[in-house]
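To start, the structure itself, in structure tokens.
None of the figures in this text is laboratory data; all of them are computed from the coordinates on show. Remember, predicted model here, so these are calculated numbers, not experimental data. Cβ placement follows ideal geometry from the backbone for every residue including glycine, while neighbour counts extend to all protein chains displayed.
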Amino acid sequence: MSLSSLVPLIGISDVVIGLSLGSRLFLIAVGLSLIFGVLGVLNFAHGGFYMLGAYVTLAVVSNVVDNFWVAAVVGALAVGVVGAAIEFSAIRRLYERADSDLDQLIVTFGFVLVIHETVRFVWGSGSYSIDPPDVFNFSVTFGGSTFNAYRLALIGLAVAVLVGLWLFITRTYFGSLVRGTSSDREMAAMLGVDVPRLYTGVFFLGSVLAGLGGALSAPLQSTSPALGDQVIIDAFIVVVIGGLGSMSGAFVGAMLIGMMQSLGPQFISAGSIAIPFLAMVIVLLIRPEGLFGGIGE
Amino acid sequence: MSATDTGGRVSRFGSAVAEGWTRERFGLIGALVLVLVAFAPPFQVYLFTDFLVVALFALGFNLLYGYTGLLSFGHGLFYAGGAYGIAIVLRDLGPVIADVVGAGISPLVTFLVGGVVGLVLVVAVAVPVGWLSVRLEEIYFALITLAFGMLGYSLIIQDPAGLTNGTDGVIVLLGTVDLGGVSLRVGGRRIYYAISAVTVVAATYGVWRVVNSPFGTVCKAIRESPDRAVALGIDVGHHRWMTFIVSAAVVGVAGVLRAGLASVASPGLTHWSTSAIAVIATVIGGATYFYGPIVGAFIFLYIRWAISRFPALEAYWELFFGALLIAVVLFFKQGAVGGLMLIRDRLVGDDADEPSDDDARTTDGDGS
């Protein structure tokens, strides 16, 4: 089969959908990768944080202020506070243990259950949806296909988050502390960095990113208590492929998986949902540090 | 004064009980419980069978986690492997086997053949999956097993080979054995309980033998210090691989039993949330103890059942186990069995103070 016969199969809308799926995945995965890169904690509850961000945003929009952007910020900050509280009360106790990695994974898995049930208790088992904010709530026709403008906006927002985070990590004082602590924790502590406080701060930031991801993705998905369990697995795939701890890796990994989810079913009819897992296995075996950059990039 | 006397008597009684906790008596009590359960009301028989199956699942999982330190989030793959193995044999080979051995005994023979096929299937999957997975450690091992499990889940759901019947799963019909006028429904609660109990006890004994063999000792050495094990000339990778395969096989047996109990082999068995049940049961019970996963499975199923008695709480039982899991890992890593050991040690410890009665009293006074 020649290339020219393959190309027409890929419509513009497939690409846009793939990129917007990728943007959503990036917003889920980037905080997970940040937390792992600095703290060495693989936060199983990150999908729960994402889901919580979506729920809080929906609740604020329908009960408090009818402004999506304000609600999204409130949702993100609320999740940040929850995350910081969990780090401060539970995860902090495990850093010094011999097998801390697995204990952290199990404890954060415990929080998966707690968050899932709490969300179900507060908001019920049904699913909610929300219209995109008015500014972007119109259809775009481009190259013969039509899609909601919010899909494009989400791609822009994901890029903005990536650039903002990169500037924050590389150009600010706090960012330099984060980088320093991530590459050598003991040396940073000796140089006077308050490591425990920094860890809580980074966990807060990572949780805010998860909450923001859930909030911004809310118009493009139905929000139900099962959401957290679904997205955490996608987030694991993305950070493994991009490289645990790498933020640019998370972006590339997310876009790859997004495109795979959008285009995969057109090329392989059976077993298409298995491909991302197969990719994850292969990357773990061949390049456990991920395809892009090493830890701490 | 009188209160202190009672306290002394209680502690003396306690130490007498603790002294009697020998393995033989434990075994005898266990056997008695297993027999008595057979006469319990039908639902209790079902619940106990469920407990036995989950216990074997967790026991198999913990062979890897507790004895080599590798945390798998993908053992649902082997649980499902056993379940689908027997379900597909029952569906596709049942009539063939009936032709060969006669219709009377065929359900039992088919069940045995299916069990063996399930086990062989699980081992056939575990050999390559384990070989690849044990190259990684800690978080990376957890992630690759999770990925293998979800890979299996995807394939079962999408069913490219036309074997697994997609999201509906494969119905398991165990049939009725008919021998000279005596008919026994293999899937009947009490019959199936008997099959499960015998299988689980035999498998547990097998695992116990493995753990206490030279092989098991080497595994424990690897768990304590992989580097030192290497320095002693132990092939760590090979031992981890072998443990992975044995662990998967035990989980596969549990999967075979699960299929018959649930009357269906469903794709949910491969999902990571099923693998997590083994993690929850093992951690709550105490991963460093042989019986930890069994006690954990007991707590898991019976507390879940107890919670389900209260309609207001029924839907939120996961909340309880999430909180319990967090509390155990943070504050009491030894789990429930560790707690029982502590209580026993305290009772036996009081026994040591027995000759000096005054000391015992002081301790009692301090304690209250």
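Screening A:54, A:84 for residues that are touching a strand residue (DSSP E or B) at 6+ places or on another chain (Cβ under 6 Å) and in a helix (DSSP H, G or I) leaves exactly one candidate, A:54. Residues of the range B:138-163 that are more than 9 Å from chain A (Cβ to nearest Cβ) and out of contact with any Ser or Thr (no Cβ under 9 Å at 6 or more places or on another chain): B:162, B:163. Taking the range B:110-137 as the range and being closer than 17 Å to residue B:174 by Cβ and buried (at least 17 other Cβ atoms within 10 Å of the Cβ) as the test, the residues that pass are B:110, B:111, B:113, B:114, B:115, B:117, B:118. Scanning the range B:72-94 for residues that are outside any helix (DSSP H, G or I) and surrounded by 24 or more Cβ atoms within 10 Å (Cβ to Cβ) yields B:72, B:73, B:74, B:75. Once the range B:138-179 is narrowed to residues that are of a type in the set (D, E, K, R) and closer than 25 Å to residue B:110 by Cα, the residue that is surrounded by the fewest Cβ atoms within 10 Å (Cβ to Cβ) is B:168. Scanning the range A:125-132 finds no residues that are touching a residue at least 40 places away in the same chain (Cβ under 8 Å), of a type outside the set (Phe, Trp, Tyr) and in a helix (DSSP H, G or I). Among all positions in the range A:118-129, there is no residue which is buried (at least 23 other Cβ atoms within 10 Å of the Cβ), at negative phi and within 10 Å of another protein chain (Cβ to nearest Cβ).
The conditions of being within 14 Å of another protein chain (Cβ to nearest Cβ), under 26 Å from residue A:119 (Cβ atoms) and not hydroxyl-bearing (Ser, Thr, Tyr) are not met by residue B:287.
Could you say whether any residue in the range A:144-157 is within 14 Å of chain B (Cβ to nearest Cβ) and not in a helix (DSSP H, G or I)? The answer is no, given that none of the residues of the range A:144-157 is within 14 Å of chain B (Cβ to nearest Cβ) and not in a helix (DSSP H, G or I). Within the range A:36-51, the set of residues being more than 17 Å from residue A:253 (Cα to Cα), among the hydrophobic types (A, V, I, L, M, F, W, C), assigned to a helix (DSSP H, G or I) and within 14 Å of chain B (Cβ to nearest Cβ) comprises A:39 only. Restricting attention to the range B:48-64, the residues that are over 12 Å from the mean Cα position of the chain (by Cα) and crowded, with 24+ Cβ neighbours inside 10 Å add up to 1.
Take residue B:166 and tell me if it is more than 9 Å from chain A (Cβ to nearest Cβ) and at negative phi. Taking the combined requirement at face value, the residue does not satisfy it.
Between B:324, B:261, the distinction of being within 13 Å of another protein chain (Cβ to nearest Cβ) and in contact (Cβ under 8 Å) with a residue 40 or more places away in the chain belongs to B:324 only. Among the residues of the range B:59-85, those that are small (Gly, Ala, Ser) and either more than 14 Å from every other protein chain (Cβ to nearest Cβ) or at positive phi (or both) comprise B:60, B:69, B:80, B:81, B:82, B:83, B:85. Taking the condition buried (at least 20 other Cβ atoms within 10 Å of the Cβ) and more than 10 Å from chain B (Cβ to nearest Cβ), does residue A:61 pass? It is true that residue A:61 is buried (at least 20 other Cβ atoms within 10 Å of the Cβ) and more than 10 Å from chain B (Cβ to nearest Cβ).
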